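Comments concern the structure below.
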Amino acid sequence: MCLAGYFRNQVERGGGALMRAESNGTSRRILCVFPRYTSSFGTFEHSYPLTDGVRAFMPPQGLLLISAYLPQDWQVKFVDENLRRTTREEFEWAEVVFVSGMHIQRQQMNDICRRAHEFDLPVALGGPSVSACPDYYPSFDYLHVGELGDATNQLIEILSRDTTRPEEQVVLTTKDRVPMTEFPIPAYELADVKKYMLGSIQYSSGCPYQCEFCDIPGLYGRNPRLKAPEQIIAELDRLRECGMTDTVYFVDDNFIGNRKAALDLLPHLIEWQKRTGYVVRLACEATLNIAKRPEILEKMREAYFITIFCGIETPDPDALKAMQKDHNMMVPILEGVRTINSYGMEVVSGIIMGLDTDKPNTSEALLGFVEESRIPLLTINLLQALPKTPLWDRLEREGRLVEDDGRDSNVDFLLPYDEVVASWKHAMAVAYAPEKVYARFQYQCDHVYVHRLKVPTPDEMKTWANIRRGLVMLRNIFWKVGVLGDYKRVFWKFALGRLKRGDVEGLIGCTLIAHHLITFARAASSGRQNASNYSIRLREAAVPAE
C-alpha cells in the first residue's frame, strides 16, 4: 500500500493514538460554528452572484481539523456562517459549541457565543485570535490557546466528564503540540466544498522571517513544522472525493519557509496531477525571494501552480528595511514579479499604507508601482498593529497605540490620520478603476497565463454538468456585468477579445475577480468600507461581548 493510502485508511479507521483523540466511552454532540467574515478584498463576495452557487471563499482548516481529531464516537456537525446562519434546531441538538476565527471575526465570534448561551450551551473558542489575545473573549466558557496538542486533549477530557457550563472561564494553553505528521485529514466531508471558491490545504506552519508587523512567528514559531508529502496527497484525494474541482490554496504562512521541504513535496504534487488529470489548480503564499529559486518555480509550474500571493507590502526599499523585510530586496521587486510571471504564475500582493516611512506622495508612488507591475489584485490596507508582533511592542513603547473603534487603524501615524486615509481612498479609486483593472488582466492573459503548463482537458471537465456550470456563469456575467453593469464598454472590450481566442475560461476567471475588486474599491473609496481588515469601524455584526 502507498503511504498516501495508508494515511487515508488510518483516518477512516480512527488512526493511531494521536491521529484521533481517545474517548472514555462517552459520546458527545459537538457543533462547530465558523463565524462570518465582513466584506474585504479577500472575501470575494461580489463575485459570488456571477457564479453557479459559490457562497464563500474557502473552507476553514482549523475547525475541520479539530472535527477530525475528536473521538470517533463523538458526533460532529459543522456550520460555516458565511454560507448560512446556525439554526435553532442545531443549537438544540448540540451539547457543546466549538468556535474558531481570526481578529477580523472577533465580533461575530462573540455573537455566536451569545446565541449559544441562550441555549445554555458551553462554548469553546480556539484559533489564532484567541491564541494572541485571550482577553478579547471574556464571555466564552473555554479558551483554547495555541495549536492542536495537550490543551486539546484536556478540553476533550473535561467535556467527556461534564458538558455543563463552568462557573468561571477555563483557559487551556498548549504546551506540547501534536506533530503535524500525526494530524488527521481535515473533515472536508462536513463542508459543502462545492459552495466555496477555493479548496484549502496546509503543509507547514510557521515562518523563518520576522517582519515587524506580522504575528505568525509569535504564534507559530520561526522553524516551520511540516506534514509528510503523503499526507498532502491523501488530503488532496479527499478534497477531490468531496467534489473540489477548482483551485486548492495552500494556506501555509510561507510555502518556501523551508525550501527543502517545498522541493520534497513538489514531485509528489506533480505525480498527483498526472494521476488525476490536472483537474485542480494550485495556489500558495510565499515570500518574493522565491524569484531567486528557479528550481522551485519550475517544479511549481509542473505541479500546476497558477497563483502566488507575495507580501510585497511596499515598493519603497527604505520602508522594507524599516519593517525588517530585507528578503524582499534580494531581487528588485519588479524583476521578481516578472520572473514569477515567466513561469505562468500570477502574482497577488499585499500592500500597506500608513508606514512610518510614508511621505505625502506615497500613494502616487504606489500607483506607479501598480501600473508597472501589472499585478491585478493588490490588497491595499492601512497599517494595523497586531499583538505578539515587534510592531506592537515598538508602538507601545512609543505611546503610539490608539484605542478608538471609530478609526480605521490603531496606529498613531507620523503623517496626519485624515491625510493617510484620504491617500488610501485615492489609491483604491485609481488602482481599481474598471479600465485599469481590465488592462492588468489583459496583460496577464497575453504575457503570463500563456506560460502555464499546457494540459489536456480532463474528461470530467467535458461533462454536461460542468458545461452547464460554465453556461450559467456566462449568462450571469453577460447579464449582470455586460448589460446591467455601468462599466459594460470596458468589459465587452476585454470579453470579446477572450471569446475571439476561444478563452472562455480566462473570460470567466478574470471577470469574477475584476467585478469584486471594482465593486469593493468603489465602496472603499467612498468611505463605505474599512481601510484595514482589522478595523471594526464599520462592522455589520457589531455585537459586544456579554
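The values are calculated or read from the model by the stated rules, or taken from the named source; none is laboratory data. Remember, it's a predicted structure, so these values are computed and weren't measured experimentally. Cβ placement follows ideal geometry from the backbone for every residue including glycine, while neighbour counts extend to all protein chains displayed.
Against the numbered list (1) in contact (Cβ under 8 Å) with a residue 12 or more places away in the chain; (2) farther than 28 Å from residue 351 by Cα; (3) out of contact with any helix residue (DSSP H, G or I) (no Cβ under 6 Å at 6 or more places or on another chain), residue 272 comes up short only at (3).
Output the residues belonging to the stretch 268-282 that are at negative phi and touching an Asp or Glu at 6+ places or on another chain (Cβ under 9 Å). Walk me through how you get there before you give the answer.
If we filter the stretch 268-282 for residues that are at negative phi, which is where we start, we get 268-276, 279-282.
Listed by number, the residues that qualify are 268, 269, 270, 272, 273, 276, 279, 280, 281.
Here residue 469 meets the list (1) farther than 24 Å from residue 372 by Cβ; (2) touching a residue at least 12 places away in the same chain (Cβ under 8 Å); (3) touching a helix residue (DSSP H, G or I) at 6+ places or on another chain (Cβ under 8 Å) almost entirely, failing just condition (3). I'm trying to understand the selection: among the residues of the stretch 50-61, which are in a helix (DSSP H, G or I) and either surrounded by 22 or more Cβ atoms within 10 Å (Cβ to Cβ) or assigned by TED's automatic domain parsing to the domain that holds residue 186 (or both)? 50, the sole residue that qualifies. Only residues in the stretch 143-169 that are basic (Lys, Arg) count as the first member; pair them with residues that are surrounded by fewer than 17 Cβ atoms within 10 Å (Cβ to Cβ), Cβ under 9 angstrom, at least 6 apart or cross-chain, and list the lot. Going by the 9 Å Cβ cut-off, the qualifying pairs are 161/24; 161/26; 165/120.
So if I check each of 157, 235, which one is assigned by TED's automatic domain parsing to the domain that holds residue 27 and either assigned to a helix (DSSP H, G or I) or closer than 19 Å to residue 100 by Cα (or both)? Every option except 157 fails the conditions. Applying the condition of being among the hydrophobic types (A, V, I, L, M, F, W, C) and more than 12 Å from the chain's Cα centre (by Cα) to the stretch 50-73 and asking which residue is farthest from residue 524 (Cα to Cα) yields 70. Within the set of pairs 6+ apart or on separate chains, which have a first residue in the stretch 108-119 that is under 14 Å from residue 80 (Cα atoms), a second that is small (Gly, Ala, Ser) and part of a helix (DSSP H, G or I), and C-beta atoms under 8 Å apart? Correct list of pairs: 109/129.
If you go through the stretch 181-231 and keep only what is among the hydroxyl-bearing types (Ser, Thr, Tyr) and over 22 Å from residue 303 (Cβ atoms), you end up with 209, 220. Looking at the stretch 416-424, is at least one residue without any contact (Cβ under 8 Å) to a residue 60 or more places away in the chain, of a type in the set (S, T, N, Q) and part of a helix (DSSP H, G or I)? So far as the stretch 416-424 goes, no, none of its residues is without any contact (Cβ under 8 Å) to a residue 60 or more places away in the chain, of a type in the set (S, T, N, Q) and part of a helix (DSSP H, G or I).
For residue 259, the test of being touching a helix residue (DSSP H, G or I) at 6+ places or on another chain (Cβ under 8 Å) and either without any contact (Cβ under 8 Å) to a residue 60 or more places away in the chain or not polar (S, T, N, Q) (or both) is passed.
Only one of the numbered conditions (1) of a type outside the set (A, V, I, L, M); (2) surrounded by 16 or more Cβ atoms within 10 Å (Cβ to Cβ); (3) part of a loop (DSSP other than H, G, I, E, B) is violated by residue 166, and that is (2).
Determine whether the stretch 449-470 contains at least one residue that is part of a helix (DSSP H, G or I) and under 19 Å from residue 313 (Cα atoms).
no
Scan the stretch 498-517 and tell me whether some residue there is exposed (fewer than 13 other Cβ atoms within 10 Å of the Cβ), of a type outside the set (S, T, N, Q) and either at pLDDT below 95 or part of a helix (DSSP H, G or I) (or both). Within the stretch 498-517 (the criterion being exposed (fewer than 13 other Cβ atoms within 10 Å of the Cβ), of a type outside the set (S, T, N, Q) and either at pLDDT below 95 or part of a helix (DSSP H, G or I) (or both)), the answer is yes, since at least one residue qualifies.
Note on the stretch 205-228: residues that are touching an Asp or Glu at 6+ places or on another chain (Cβ under 6 Å) and assigned to a helix (DSSP H, G or I) amount to 1.
Quick grid of which residues meet (1) in a helix (DSSP H, G or I); (2) surrounded by fewer than 18 Cβ atoms within 10 Å (Cβ to Cβ); (3) among the aliphatic types (A, V, I, L, M):
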site: 111; (1), (2), (3): yes, no, no
site: 114; (1), (2), (3): yes, yes, no
site: 120; (1), (2), (3): no, yes, no
site: 131; (1), (2), (3): yes, no, no
site: 135; (1), (2), (3): yes, yes, no
site: 140; (1), (2), (3): no, no, no
site: 147; (1), (2), (3): no, no, no
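In this entry, residue 203 passes the filter for residues that are within 15 Å of the chain's Cα centre (by Cα), at pLDDT 95 or above and assigned by TED's automatic domain parsing to the domain that holds residue 352. One residue alone among 191, 262 is of a type outside the set (Ser, Thr, Tyr), under 19 Å from the mean Cα position of the chain (by Cα) and buried (at least 22 other Cβ atoms within 10 Å of the Cβ), and that residue is 191. When the residues of the stretch 29-49 are filtered to those that are more than 16 Å from residue 246 (Cβ to Cβ) and within 13 Å of the chain's Cα centre (by Cα), the one that is surrounded by the fewest Cβ atoms within 10 Å (Cβ to Cβ) is 42.
Candidates in the stretch 372-397 are the residues that are charged (D, E, K, R) and touching a residue at least 12 places away in the same chain (Cβ under 8 Å); of these, the one that is surrounded by the most Cβ atoms within 10 Å (Cβ to Cβ) is 374. Listed by first and then second residue, the pairs linking a residue in the stretch 79-96 that is assigned by TED's automatic domain parsing to the domain that holds residue 190 to a residue that is not aliphatic (A, V, I, L, M), with Cβ atoms under 8 Å apart and 6 or more places separating them unless they lie on different chains, form an empty list.
Determine which member of the set 209, 196, 249 is buried (at least 16 other Cβ atoms within 10 Å of the Cβ), farther than 22 Å from residue 62 by Cβ and of a type in the set (Ser, Thr, Tyr). Lay out the reasoning, then the answer.
Working: 196 fails: farther than 22 Å from residue 62 by Cβ; 249 fails: farther than 22 Å from residue 62 by Cβ.
Of the residues listed, the single one that is buried (at least 16 other Cβ atoms within 10 Å of the Cβ), farther than 22 Å from residue 62 by Cβ and of a type in the set (Ser, Thr, Tyr) is 209.
Is the stretch 320-333 home to any residue that is of a type outside the set (Phe, Trp, Tyr), closer than 29 Å to residue 442 by Cα and touching a strand residue (DSSP E or B) at 6+ places or on another chain (Cβ under 8 Å)? Working first, answer last.
Going through the stretch 320-333, the residues of a type outside the set (Phe, Trp, Tyr) turn out to be 320-333.
If we keep only those that are closer than 29 Å to residue 442 by Cα as well, we get 328-333.
Subsequent filtering for residues that are touching a strand residue (DSSP E or B) at 6+ places or on another chain (Cβ under 8 Å) retains 328, 333.
The answer is yes; a qualifying residue exists.
Looking at 346, 302, 313, 285, just one residue is closer than 28 Å to residue 463 by Cβ, buried (at least 18 other Cβ atoms within 10 Å of the Cβ) and of a type in the set (Asp, Glu), and that residue is 346. Within the stretch 452-461, the set of residues being closer than 15 Å to residue 306 by Cα and surrounded by 13 or more Cβ atoms within 10 Å (Cβ to Cβ) comprises 452, 453, 455.
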